[in-house]
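> Questions regarding the structure given below will be posed in turn.
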Amino acid sequence: MTDRFDCYYCRDNLHGKKYVKKDEKHVCTKCFDKLCANTCAECRRPIGADSKELHHKNRYWHEDCFRCAKCYKPLANEPFSARDDGKIMCGKCGSREDGNRCQGCYKVVMPGSQNVEYKNKVWHDECFTCFECKQPIRTQSFLARGDDIYCAPCHEKKFAKKCFKCKQPITSGGISYQDQPWHSECFVCETCRKPLAGTRFTSHEDHVYCVDCYKTDVAKKCHGCKNPITGFGHGTNVVNYEGFSWHEYCFTCKKCSLSLANKRFVINAEQIYCPDCAKKL
């Protein structure tokens with residue numbers, strides 16, 4: 001006599017029938033679907049004996065129900081991520097939900113895509129653009145002004161000091177004279193073009209001159225000694241009268257050589273005399 005082979009629950013004979021072994025118990029498919037089947041986390045229906053079952057962290061799905069919660073792509077044979085809220089997502093949608101957002105377009109920066117990171121912020125490569133010209137920075141150098149990013153040429157054009165002489169930006173170095181910035185190569189003698197940085201010079205009518213050129217081409221000649229009045233060294237004070245100029249030390253009485261600077265004097269035949277000597281003429 002053949003031993004009976006029955007369903008654990010309904011006691012139907014299982015010989016020649018399809019059955020499921022569950023926890024060391026033999027169960028007919030009908031009882032399995034009714035009493036033992038796991039519930040699909042997606043559709044909430046039992047996962048019957050005839051269905052392919054997928055599971056992840058104590059949760060179960062029909063194969064057809066295991067899809068991305070965002071794009072509904074089947075994930076049975078694809079990489080996926082399980083979010084804290086229980087949703088299952090494909091890698092692409094998961095990155096969009098959880099990934100860093102571009103500071104330019106505010107869309108998600110996908111892993112593996114070309115991007116720029118700066119001060120704990122991220123941009124798509126094409127979104128990291130100059131605030132002024134709007135062109136992508138890419139491999140160029142850049143400078144930040146507050147929250148704004150500038151390529152080097154635009155930063156130079158917008159913020160660099162302009163040379164008083166040529167009006168072009170001063171990118172490095174330079175000279176300051178009378179509170180005005182100059183390129184070193186622009187700060188030269190107006191006449192001979194000699195560089196004046198670190199040398200003695202003087203200015204006249206918005207132009208700068210070396211000492212020699214100023215003496216030769218610009219300075220007035222003393223009516224007394226006929227030498228240039230440069231303002232350098234001894235005798236920097238000047239006396240002007242009737243269109244003529246003198247070094248202070250040359251402005252003396254023609255007869256007694258008394259200094260007449262800040263004193264009364266008499267002009268006779270273009271010569272200077274003190275009042276006493278003038279009376280004796």
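> Could you give the size of the charge dipole of segment 1-72 about its Cα centre, using +1 on the Cβ of each K and R and -1 on the Cβ of each D and E, expressed in debye and rounded to the nearest 20?
For segment 1-72, the charge dipole is close to 220 debye.
> First select every other residue whose beta carbon is under 15 angstrom from the beta carbon of Gln168; then total the charges, Lys and Arg +1, Asp and Glu -1.
+4
> Let me ask something else. Calculate, for the chain, the solvent-accessible area per residue in square angstrom, rolling a 1.4 angstrom probe over the heavy atoms of the protein chains.
Per residue, the chain has an accessible area of 69 Å².
> At a probe radius of 1.4 Å, what is the per-residue accessible area of Glu156, in Å² to the nearest 10?
70
> For segment 137-143, what does the Karplus curve 6.51 cos²θ - 1.76 cosθ + 1.60, with θ = phi - 60°, yield as ³J(HN,Hα) per residue in whole Hz, taken in order and with x for Gly and Pro?
Values per residue, Gly and Pro as x: 6, 6, 8, 6, 6, 8, 9 Hz.
> How big is the gap, in Å, between the Cα center of segment 237-254 and the Cα center of segment 90-147?
73
> Turning to a different aspect of this structure: Which lysines, on any chain, are close to Lys220 with Cα under 26 Å apart, when same-chain ones fewer than 8 places away are left out?
Lys165, Lys194, Lys254, Lys255, Lys263
> Once amide H atoms are placed 1.01 Å from N in the peptide plane, what residues at a sequence separation of 5 or more from Lys194, or on another chain, have their amide H within under 5 Å of its amide H?
Long-range HN contacts for Lys194: Cys189.
> Could you compute the FRET efficiency for Glu117 and Ala82, with r as their C-beta to C-beta distance and R0 at 25 Å, rounded to 0.05?
Efficiency, rounded to the nearest 0.05: 0.35.
> I need to check one value: relative contact order of segment 25-70, counting alpha carbon pairs closer than 8 Å and at least 6 residues apart, in percent.
Value for segment 25-70: 30 percent.
> Once you charge only the Cβ atoms, +1 for Lys and Arg and -1 for Asp and Glu, what is the size of the charge dipole of segment 238-279 about its Cα centre, to the nearest 20 debye?
Using only the charged Cβ atoms, the result is roughly 180 debye.
> Leaving out ligands, DNA and RNA, what percent of the accessible area of segment 55-133 is carbon and sulfur, probe 1.4 Å?
Reported share for carbon and sulfur atoms: 44 percent.
> Ok, one more. Note down the magnitude of the dipole of the chain about its Cα centre, charges +1 on Lys and Arg C-beta and -1 on Asp and Glu C-beta and zero elsewhere, to the nearest 20 debye.
280
> Using modelled backbone amide H atoms (1.01 Å from N, in-plane), which distant-in-sequence or interchain residues come within less than 5 Å of Val122's amide H?
HN-HN under 5 Å from Val122: Gln103.
> For Lys25, which lysines qualify as cross-link partners when the Cα separation must be under 25 Å and same-chain residues fewer than eight apart are set aside?
Lys25 reaches Lys17, Lys34, Lys52, Lys57.
> Using only Cα atoms, what Kirkwood radius does segment 98-158 have, in angstroms?
Its Kirkwood hydrodynamic radius stands at 11.9 Å.
> Could you work out what % of the accessible surface of segment 162-271 is carbon and sulfur, using a 1.4 angstrom probe and leaving DNA, RNA and ligands out of the count?
Carbon and sulfur atoms account for 46 percent of the accessible area of segment 162-271.
> Based solely on its DSSP helices, what 222 nm [θ] is calculated for the chain when runs of n ≥ 4 H residues each add -39,500 (n - 2.57) and the sum is averaged over all residues, nearest 500 deg cm²/dmol?
For the chain, the value works out to -2000 deg cm²/dmol.
> Note the listed values (1) 26, 24, 17; (2) 30, 24, 19; (3) 107, 14, 11, then indicate which one is semi-axes √(5λ) of the Cα gyration tensor in Å calculated from this particular structure.
It is the value labelled (3).
> Next question. Rounded to the nearest 10 Å², what accessible area does Ser257 show when all protein chains are kept and the probe is 1.4 Å?
So the heavy atoms of Ser257 present about 80 Å² to solvent.
> Remind me, what semi-axes does segment 161-218 give for its equivalent ellipsoid, largest first in whole Å, using sqrt of 5 times each Cα gyration tensor eigenvalue?
Computed over segment 161-218, the values are 21, 10, 9 Å.
> Follow-up. Scan around Asp6 for amide H atoms under 5 Å from its own, H built in the peptide plane at 1.01 Å from N, and keep only partners 5 or more places away or cross-chain.
Correct list: Leu14.
> Separate question: So how much slack lies between Ser259 and Cys192, counting 0.36 nm per residue of separation and subtracting their Cα-Cα distance, in nm?
That pair, Ser259 and Cys192, stretches by 20.4 nm at full extension.
The values are calculated or read from the model by the stated rules, or taken from the named source; none is laboratory data. Nothing here was measured: the structure is a model prediction, and the numbers come from that model. Note that we place each Cβ from the backbone using ideal geometry, even for glycine, and neighbour counts take in every protein chain shown. Keep in mind that these areas ignore ligands, DNA and RNA; they rest on the heavy atoms of the full protein, side chains included. Shrake-Rupley method; radii C 1.70, N 1.55, O 1.52, S 1.80 Å.
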